[in-house]
Amino acid sequence: MIRPATLEDVPALVALDKHAVTAAHWSTEQYRAVFSPNEISRIALVIEDRGTIQGFLVARSVALEWELENIAIAGPARRRGLGTRLLGEFLKAARSRGATAVFLEVRESNSAARRLYEKWAFAESGRRANYYLNPAEAAITYRLDFS
Ligand SMILES: CC(C)(COP(=O)(O)OP(=O)(O)OC[C@H]1O[C@@H](n2cnc3c(N)ncnc32)[C@H](O)[C@@H]1OP(=O)(O)O)[C@@H](O)C(=O)NCCC(=O)NCCS
């Protein structure tokens, strides 16, 4: 049900991104770049249900730490534990690649995502005022240390 994403999945990732208002919004080119042959510092996963992609996660490594760049689950499939499973699979993959920590930022008002991160024991590490635009909003940064 969870597998590595491929270049062929990009249209599905773009469609999910468009419908997830609070996700980070990337262009098709930015999603395609995740799968460029020399891109070794990325993890991209999709979660499927009966052959249909219901969500994705993209992360990149910054030395031994990983940044969770984006995660989105299709609207009708939310609140069924898919995000929890996808994030868990990513944390396992990052650990197996020697990660020492994972960090991320999220809109302050995005309580669904914040609860998801807290469920996996991410701890708040800071607040950046006016970090996001359209609409302007603060970012809350989270961090999970593996050590
Ligand atoms: C955030 C998101 C990925 C969560 O995915 P999901 O599959 O719905 O998450 P889960 O069903 O695994 O829920 C995990 C926990 O998050 C919390 N949660 C999820 N949706 C919630 C909601 N609407 N309200 C409050 N808490 C919520 C709950 O604590 C939940 O655990 P519980 O069901 O045991 O109480 C999903 O809401 C989404 O795609 N949002 C739009 C994109 C986005 O904002 N991405 C984050 C960018 S930083």
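The values are calculated or read from the model by the stated rules, or taken from the named source; none is laboratory data. Keep in mind the model is a prediction, meaning the values are calculated, not measured. Note: ideal-geometry Cβ built from the backbone for every residue, glycine included; neighbour counts use all protein chains shown.
Observations, loosely collected:
- Members of segment 94-113 found to be more than 7 Å from the ligand (Cβ to nearest atom) and of a type in the set (Gly, Ala, Ser), listed by number: Ala94, Ser96, Gly98, Ala99, Ala101, Ser109
- Only one entry of Arg107, Arg97, Arg143, Arg115 meets the criterion of being modelled with pLDDT under 95, out of contact with any Gly (no Cβ under 8 Å at 6 or more places or on another chain), under 30 Å from Glu48 (Cβ atoms) and not polar (S, T, N, Q), and that entry is Arg97.
- Of all residue pairs spaced 6 or more apart or on separate chains, those with beta-carbon atoms under 7 Å, a first member in segment 67-90 that is over 16 Å from Ile53 (Cα atoms) and a second member that is of a type in the set (Gly, Ala, Ser) and more than 7 Å from the ligand (Cβ to nearest atom) are Glu67/Ala59; Leu68/Ala59; Glu69/Ala59; Phe90/Ala59.
- Test for Ser111: is it free of Cβ contacts under 8 Å to residues at least 24 places away in the same chain and among the hydroxyl-bearing types (Ser, Thr, Tyr): yes
- Within segment 114-136, if we keep just the residues that are free of Cβ contacts under 8 Å to residues at least 24 places away in the same chain, closer than 25 Å to Glu89 by Cα and assigned to a loop (DSSP other than H, G, I, E, B), the residue that is nearest to the ligand (Cβ to nearest atom) turns out to be Phe122.
- For Glu67, the stated conditions hold: it is more than 10 Å from the ligand (Cβ to nearest atom) and closer than 20 Å to Leu16 by Cβ.
- Count of segment 70-93 residues, restricted to those that are within 6 Å of the ligand (Cβ to nearest atom), out of contact with any strand residue (DSSP E or B) (no Cβ under 8 Å at 6 or more places or on another chain) and not small (Gly, Ala, Ser), is 4.
- Candidate set: segment 16-41, residues that are more than 15 Å from the chain's Cα centre (by Cα) and of a type in the set (A, V, I, L, M, F, W, C); chosen: the one nearest to the ligand (Cβ to nearest atom): Ala33
- If you go through segment 28-64 and pick out every residue that is out of contact with any helix residue (DSSP H, G or I) (no Cβ under 9 Å at 6 or more places or on another chain) and in contact (Cβ under 8 Å) with a residue 24 or more places away in the chain, you end up with 2.
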